[in-house]
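Coordinate-derived values only; no laboratory data. Source: prediction; values computed, not measured. Note that we place each Cβ from the backbone using ideal geometry, even for glycine, and neighbour counts take in every protein chain shown.
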Amino acid sequence: MRRILRVTPVLALLALAACQTVQGAGRDMQSAGQAITRESQEAQSGL
């Protein structure tokens, strides 16, 4: 039981760090998608 109590905070910190990492990756992907959208709109307007 004591071992579980020691490990739980460590697992909570790892989960929190993973959430931040995934959130950051999501923002990066969103920025890339917006850049692609802008470029494609510029290419279409140039035709």
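Along the axis of the charge dipole computed for the chain (Cβ charges of +1 for Lys and Arg, -1 for Asp and Glu, origin at the Cα centre), the listed residues Ile4, Ile36, Gly46 are led at the positive end by Ile4. All C-alpha pair distances within the chain, sorted into 10 Å bins from zero, spread as 23, 22, 20, 15, 11, 6, 2 percent across the bins. Annotation: the residues Leu47, Leu16, sorted from fewest to most other C-beta atoms within 10 Å of their own C-beta, follow the order Leu47, Leu16.
Helix-only arithmetic for the chain: the sum of -39500 (n - 2.57) across DSSP H runs with n ≥ 4, divided by the residue total, places the mean residue ellipticity at 222 nm at -35000 deg cm²/dmol.
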